[in-house]
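The values are calculated or read from the model by the stated rules, or taken from the named source; none is laboratory data. All values reported here derive from a predicted model rather than from experimental measurement. All Cβ positions, glycine included, derive from the backbone under ideal geometry; neighbour counts span all protein chains shown. Accessible surface areas use protein heavy atoms only, side chains included; no ligands, DNA or RNA. Shrake-Rupley method; radii C 1.70, N 1.55, O 1.52, S 1.80 Å.
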Amino acid sequence: MTAHTHPLGVVAQLDENDLREFDEDLRGDLIFPDSEEYEDARNVWNGLINEYPAVIVRVNGASDVARSVTFARDNNLELAIRSGAHHQAGSAIVEGGLVIDLEEMNTVRVDAEKQVAHVQPGTRTEDVLAETQQYGPATPTGSAGEVGIPGSTLGGGIGWIRRKHGLGIDALRSVEIVTPDGELREASPDHNEDLFWAIRGGGGNFGVVTNFEFELYEVGPIVQALGIFYPYDAAEDVLETHRQVMSDASEELTTILLSGHIPGLPPMPDELAGTDAVGSTIPRTSSTATLPSVLTTRNTVPIA
Ligand SMILES: Cc1cc2nc3c(=O)[nH]c(=O)nc-3n(C[C@H](O)[C@H](O)[C@H](O)COP(=O)(O)OP(=O)(O)OC[C@H]3O[C@@H](n4cnc5c(N)ncnc54)[C@H](O)[C@@H]3O)c2cc1C
């Protein structure tokens, strides 16, 4: 047994021979608590999360993922899946366990003729849209550019074109997934249908997705976006107006209503810094039309 230590203490004791064999089987890299890359590799979006995995496997392909799943199982290591590392609860990392880090599996391949995109799990919203927009279409993704595709899609995937095209899981045609027995499987409406049903909302509980196939939709060519915030005491009026406007608005218009304390940070308006506010962010994709005037006037403080 070899102890893998960190300045704060021993993180894990793992068998040296097992580790050597594991390392030899991999195309990717093992990162230990005493490796130079460890601090960066264990960081997640939520800076309050501070956990120390025994080993981080920076995988390079589905075979590395399968091997990591079996290594974790054989060594009784708790397993975490890290794609965009954006989950609020920090579930991409695990204390004393094994992390499958997919960040280097990050290609996006667009098939313009079939109107689909093949997306690897190390990608974020901004990576996928950058590639699909070379051809014009888009697929429903998270609304923030840095959100990871896997976690957001497998949790549903709430994005900017959802009123017309639905959630991320509605655009999902198939996945390749390594299941807990270490097998690589396809799941789609025609293969392993029950597994396909389960992952569309079931998060990382059924395996590690190594490839997503998404349907693409035409958008634009004009994409408008606007953020409007009102003082919190106008909330009742804002919510009622919002309800009325959206009840017969075009499906190309999507809104997200927000309420909360406004930080004094861009792109929030200085006038509202430190106050409570209610507001809406509104993107719209269309060929010609403009935003309904009721959403763009009346005591608004536009932020974008
Ligand atoms: C600022 C902010 C904005 C957000 N905006 C949106 C939004 O607009 N729309 C939206 O839908 N969500 C949004 N979210 C929530 C987001 O969907 C989740 O945080 C999501 O988990 C992030 O995905 P990730 O790949 O970065 O996850 P990670 O943090 O890498 O992983 C989180 C979990 O997802 C699962 N998972 C990750 N990768 C895989 C994989 N390859 N195979 C199987 N399971 C996997 C695992 O259970 C893992 O523990 C937002 C979150 C934040 C913090």
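Taking the numbered list (1) closer than 30 Å to I31 by Cα; (2) outside any loop (DSSP other than H, G, I, E, B); (3) of a type in the set (S, T, N, Q) in turn, N106 passes all entries but (2). G156 meets each of the listed conditions (1) open to solvent by 10 Å² or more (accessible area, probe 1.4 Å); (2) within 9 Å of the ligand (Cβ to nearest atom) apart from (1).
Find the helices (runs of 4 or more DSSP H) located wholly in segment 6-101 whose residues include 3 or more that are in contact with a Leu (Cβ under 8 Å, 6 or more places away or on another chain) and under 23 Å from G145 (Cα atoms), and list them. Before the answer, list the steps.
On the way: elements: 16-25, 38-41, 62-74.
Because the criterion is at least 3 residues that are in contact with a Leu (Cβ under 8 Å, 6 or more places away or on another chain) and under 23 Å from G145 (Cα atoms), no helices (runs of 4 or more DSSP H) in segment 6-101 meet it.
Restricting segment 217-240 to residues that are in contact with a strand residue (DSSP E or B) (Cβ under 6 Å, 6 or more places away or on another chain) and among the aliphatic types (A, V, I, L, M), the residue that is most open to solvent (accessible area, probe 1.4 Å) is V223.
Condition (residue is open to solvent by 20 Å² or more (accessible area, probe 1.4 Å) and within 12 Å of the ligand (Cβ to nearest atom)) applied to segment 181-190: is it met by at least one residue? The answer is no; no qualifying residue exists.
Looking only at segment 195-209, decide whether some residue is open to solvent by 40 Å² or more (accessible area, probe 1.4 Å), modelled with pLDDT of 95 or more and more than 13 Å from the ligand (Cβ to nearest atom). Yes: one or more hits.
Determine, yes or no, whether D74 is closer than 14 Å to G182 by Cα, open to solvent by 60 Å² or more (accessible area, probe 1.4 Å) and not assigned by TED's automatic domain parsing to the domain that holds D181. When the stated conditions are applied, D74 passes them.
List every residue pair whose Cβ atoms lie under 7 Å apart, where the two residues are 6 or more positions apart in sequence or sit on different chains, the first residue falls within segment 205-217 and is at positive phi, and the second residue, located anywhere, is surrounded by 18 or more Cβ atoms within 10 Å (Cβ to Cβ). Close Cβ pairs satisfying both conditions: G207/I177; G207/V178. When segment 127-153 is filtered for residues that are within 12 Å of the ligand (Cβ to nearest atom), among the charged types (D, E, K, R) and surrounded by fewer than 18 Cβ atoms within 10 Å (Cβ to Cβ), only E146 remains.
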